[in-house]
Every structure is written in C-alpha cells, then in structure tokens.
Amino acid sequence: MQTITDAFTGIPTTAGVNFTQAAEITIVHVNSSFVMLRIVALSIFFGMVIAMFVTNYFMRGEPLFFIFYILFMIVSVIFSVILSNTYEVLIRDDVLGTALQTFIGMNFVLLNLPLVITVIGIFGAIFLFSNASRESQESLV
C-alpha cells in the first residue's frame, strides 16, 4: 500500500521546493495515525456494544420502554442498511478503497451492519427483558 508520504514525495518539483522535507515533517505523523485508526475504530465499536449490554442489564424501567426499544432497533436496522450500502460504495472507490480495505475488522462489521445490529439488538433486548423480569420478582418478595 502506498502511503501518503510516498505519494507526496513523488511529486516532480521545480523552483527548488523541497517536498521531501515537508512530507517528513508533516505527513509522516498522518501515516502513523492511520495505522492506529484501525485498532481505535474496532475498540470504540466493541466498547459501545459492551456499554449497551451493561446499561440494559442494570436499567430499571417501565414496560413501556420496551416498545420504544423495539421501535428504535427497527429504525436502527433500516439506517444500518443505508450505512452498509454507502460503505460498500466507498470501499469500491479507487481513492478511498485501498485505504479502507486495510480495515479488516471494521470491514466485516460495516459490510454486514444490518445483521450485526440485529444480533446486538436481540441480545440487548434479552438483557433488558431479563432485568424487567428480575425486578418484578423482587417486588413480589
């Protein structure tokens, strides 16, 4: 994969402009950050999923919120189809596609986003509903 620095230093120069020095000073940091972005994107996604499960498990709510939860999950699945299709267009692009194809973990998640959101929504509902049944049993005792 060609890095930004290689592309920048490959520009033909005239009038004594030193692109190599400018690339080493400024753009080398962008290349390093781009490598870390793969790990950060996947970590943020899984961190948010775990936070949702923990929140659903400890949430004490009214049964009316379950209807809102299901409606929210339906809307989320609909929007995830749009996001997944948009990401598929971006990954096939000549300019962004080569960079995005290196995001192996997030590629799987984003290309299968409707399925991932559905599975997360089902497990989140299980945690939410199990807490509601536990709460009703505590009130009976």
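Some points to look at:
- Placing unit charges on each Cβ (+1 for Lys and Arg, -1 for Asp and Glu) gives region 39-140 a dipole about its Cα centre, and among Val75, Asn112, Ala125 the Cα reaching farthest toward its positive end belongs to Ala125.
- Applying 1/(1 + (r/R0)^6) with R0 = 22 Å to the Cβ-Cβ distance of Phe108 and Leu71 gives a FRET efficiency near 0.20.
- Karplus 3J(HN,Hα) series, Hz, for region 43-59 with 6.51 cos²θ - 1.76 cosθ + 1.60 (x for Gly, Pro): 5, 5, 4, 5, x, 5, 5, 5, 4, 5, 5, 5, 4, 5, 5, 8, 6
Where a number appears in this text, it was derived from the coordinates with a stated rule and is not lab data. Computed from a predicted model, the values in this text were never measured in an experiment. All Cβ positions, even for glycine, are placed from backbone atoms using ideal geometry, and neighbour counts span all protein chains on display.
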